[in-house]
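Here the structure is laid out as C-alpha cells; the discussion comes afterwards.
The values are calculated or read from the model by the stated rules, or taken from the named source; none is laboratory data. Values in this document were obtained by computation on a predicted structure and should not be read as measured data. Don't worry about glycine lacking a Cβ; one is built from the backbone with ideal geometry, like all the others, and counts go over all protein chains shown. Protein only, heavy atoms only, side chains kept; ligands, DNA and RNA dropped before computing areas. Shrake-Rupley method; radii C 1.70, N 1.55, O 1.52, S 1.80 Å.
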Amino acid sequence: MKLTIQVNEGPYQHQSADSAYFFTKAALEKGHKIYRVFFYHDGVNNGTRLTTPPQDDRNIVNRWSELAKEHDLDMVVCVAAAQRRGIVDDGEAQRNGKDATNIADGFRISGLGQLVEGAIQSDRLVVFGD
Amino acid sequence: MSEIKKFMYVNRKAPYGTIYAWEALEVILIGAAFEQDVSLAFMDDGVYQLTKGQDTTGIGMKNFSPTYSALGDYEITKIYVDKESLEERGLSLDDLQHLVWEDEDEDWAEKDSIRLVSRTELADVLAEQDVLFNF
C-alpha cells in the first residue's frame with residue numbers, strides 16, 4: 001500500500017512524534033511504500049538539526065534523518081508552519097533575511113500543496129496528532 | 001491527477017487556545033485548488049470555530065473567523081455540523097455564522113452551506129470519505 005504520513009506534533013512534547021516514526025518504519029519493513037512524510041503544526045520541529053537531547057534519550061530528529069537516508073524518503077516540512085516556528089533552510093534564510101539555517105538532513109521545506117497532493121496520490125493518509 | 005477523491009476536513013478543536021483550527025483552515029484553502037470533492041465537518045469544540053461575533057482583541061490574536069464566509073467562493077459547499085456537539089455546549093444554529101454558496105447551475109442562487117446532522121448521520125458521511133484530514 002502507498003501511504004502518506006502526516007506528523008502534527010513536536011518531538012519530546014508529544015508521543016505522536018514517536019508513534020509516527022515507529023509506524024513509518026514498521027510500514028516500510030512490511031513492504032509498504034511511503035509516498036511522503038509531511039510535518040505540520042508543531043510537527044515541523046521534528047526537522048531541526050539543532051536538537052540536543054540528553055545522551056541516554058532517543059534522538060528523534062536523527063532517527064528520521066537516518067530512516068530517510070536508508071529508504072530515500074521524501075520528508076517535507078510545511079513552509080507556513082516552519083516560518084512561524086523558525087525552521088529554516090538555505091532558501092528560506094535568503095528569502096526572509098535570516099542569519100542561520102537549522103533544517104536537518106533528509107528534510108525539505110515546501111508548501112501545503114505537498115500534503116494535499118500526497119493524500120491524492122496515496123492509498124491512505126495516516127495522521128499522527130492530538 | 002485525474003482521479004477525484006472525497007476529501008473531508010474534520011475540525012474538532014476550539015478556534016483559539018491552540019493553532020490547530022487556523023492551520024487547518026490554511027490546508028482547506030490551499031487544498032481547494034486541487035479540485036477534489038471537499039466537505040468539512042465541525043464537531044466537539046470545533047463547533048466554536050463557526051460561531052458569529054468572535055472578538056479576539058483581549059487575547060492579541062488575529063480573528064480569522066471572517067475567513068469561513070469565503071469558503072463558498074472556494075467551492076466548498078458542504079459543511080457538516082454535529083448537532084449534539086452544539087447542544088452539549090448550549091449552542092444552536094443561530095449562534096453560527098450564516099455560511100452560503102452560490103449555485104451556478106441555478107442562476108447563482110444562494111444556498112446554505114451548513115448541514116446540521118446528528119452524530120449518527122455524521123458517522124455515515126465520514127464512512128463515505130476517501131481521505132480524512134483530522135485537526
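Calculate, for the stretch B:6-134, the solvent-accessible area per residue in square angstrom, rolling a 1.4 angstrom probe over the heavy atoms of the protein chains. Each step should come with its number before you reach the end.
On the way: 6470 Å² over 129 residues.
For the stretch B:6-134, the solvent-accessible area averages 50 Å² per residue.
Ignoring ligands, DNA and RNA and using a 1.4 Å probe, state the total buried accessible area between A and B in Å², rounded to the nearest 100.
Details: alone 7180 and 7830 Å², together 13250 Å².
Using a 1.4 Å probe, the pair buries roughly 1800 Å².
Students often get this wrong: which residues of the stretch B:29-57 have the backbone nitrogen under 19 Å from the point 7 angstrom along Cα-to-C-beta of B:GLU87?
B:42-48
Report, in deg cm²/dmol and to the nearest 500, the calculated mean residue ellipticity at 222 nm for chain B, where each DSSP H run with n ≥ 4 adds -39500 (n - 2.57) and the sum is divided by the residue count. Please report the intermediate quantities before stating the final value.
Numbers: 3 runs with 27 residues, N = 135.
Per the formula, -5500 deg cm²/dmol.
Please report the net charge: other residues with Cβ closer than 13 Å to the Cβ of A:ASN102, K and R +1, D and E -1.
Details: positive: A:ARG49, A:ARG85, A:LYS98; negative: A:ASP89, A:ASP90, A:GLU92, A:ASP99, A:ASP105.
Every neighbour counted, the sum reads -2.
Take every DSSP beta bridge whose two residues both sit in chain B, then give the antiparallel share in percent to the nearest 5. Walk me through the intermediate numbers first.
Working: 5 of 22 bridges.
Around 25 percent of the beta bridges assigned by DSSP in chain B are antiparallel ones.
If Lys and Arg each add +1 and Asp and Glu each add -1, what is the summed charge of the other residues whose beta carbon sits under 9 Å from the beta carbon of A:ILE34? It would help to have the intermediate numbers written out before the result.
Values: positive: A:LYS2, A:LYS33, A:ARG36; negative: A:ASP74.
For residues surrounding A:ILE34, the net value is +2.
Only Lys, Arg, Asp and Glu count, each charged at its Cβ (+1, +1, -1, -1), so figure out the dipole size of the stretch A:30-130 about its Cα centre, rounded to 20 debye. Before the final figure, lay out the partial values.
Numbers: 13 positive and 15 negative charges, 33 e Å.
Its charge dipole is roughly 160 debye.
Which trypsin sites (Lys or Arg not before Pro) does the stretch A:55-95 hold that lie in a coil by DSSP with at most 10 other beta carbons within 10 Å?
Working: sites: A:ARG58, A:ARG63, A:LYS69, A:ARG84, A:ARG85, A:ARG95; in loops: A:ARG58.
Listed in order of number, the matching sites amount to none.
Give, rounded to the nearest 20 debye, the magnitude of the charge dipole that the protein assembly as shown has about its Cα centre when Lys and Arg contribute +1 at Cβ and Asp and Glu contribute -1 at Cβ. Kindly include the intermediate steps, with their values, before the conclusion.
On the way: 27 positive and 46 negative charges, 234 e Å.
For this selection, approximately 1120 debye.
Given the protein assembly as shown, report the % of alpha carbon pairs whose separation exceeds 24 Å. Walk me through the numbers on the way to the answer.
Values: 18271 of 34980 pairs.
Percent of Cα pairs beyond 24 Å in the protein assembly as shown: 52.
Which percentage, to the nearest 5, of the DSSP beta bridges contained in the protein assembly as shown is antiparallel?
On the way: 6 of 41 bridges.
So the antiparallel bridges in the protein assembly as shown amount to around 15 percent.
Anything losing 30 Å² or more of accessible area from the isolated chain to the full protein assembly: pick those residues out of the stretch A:40-83, probe 1.4 Å, ligands and DNA/RNA ignored.
Residues meeting the cut-off: A:TYR40, A:HIS41.
How large is the accessible surface per residue of the stretch A:2-128, computed with a 1.4 Å probe and reported in Å² as a whole number? Let's see the in-between values first.
Values: 6050 Å² over 127 residues.
Counting only protein heavy atoms, the per-residue value for the stretch A:2-128 is 48 Å².
Give me the percent of the accessible area of the protein assembly as shown that comes from carbon and sulfur atoms, probe 1.4 Å, all protein chains in place. Write out the running numbers ahead of the final one.
Working: 6030 of 13250 Å².
That fraction is 45 percent.
Could you give the distance between the Cα centres of the stretch B:1-44 and the stretch B:97-135, to the whole Å?
Cα centres, the stretch B:1-44 to the stretch B:97-135: 12 Å.
A:GLY129: net charge of surrounding residues, Cβ under 10 Å, Lys/Arg +1, Asp/Glu -1, itself excluded?
Details: positive: none; negative: A:GLU9, A:ASP42, A:ASP130.
Every neighbour counted, the sum reads -3.
With only Lys, Arg, Asp and Glu charged, each at its Cβ (+1 for the first two, -1 for the last two), find how big the charge dipole of chain B is about the Cα centre; round to the nearest 20 debye. Write down the numbers at each step before the final one.
On the way: 12 positive and 28 negative charges, 146 e Å.
Using only the charged Cβ atoms, the result is roughly 700 debye.
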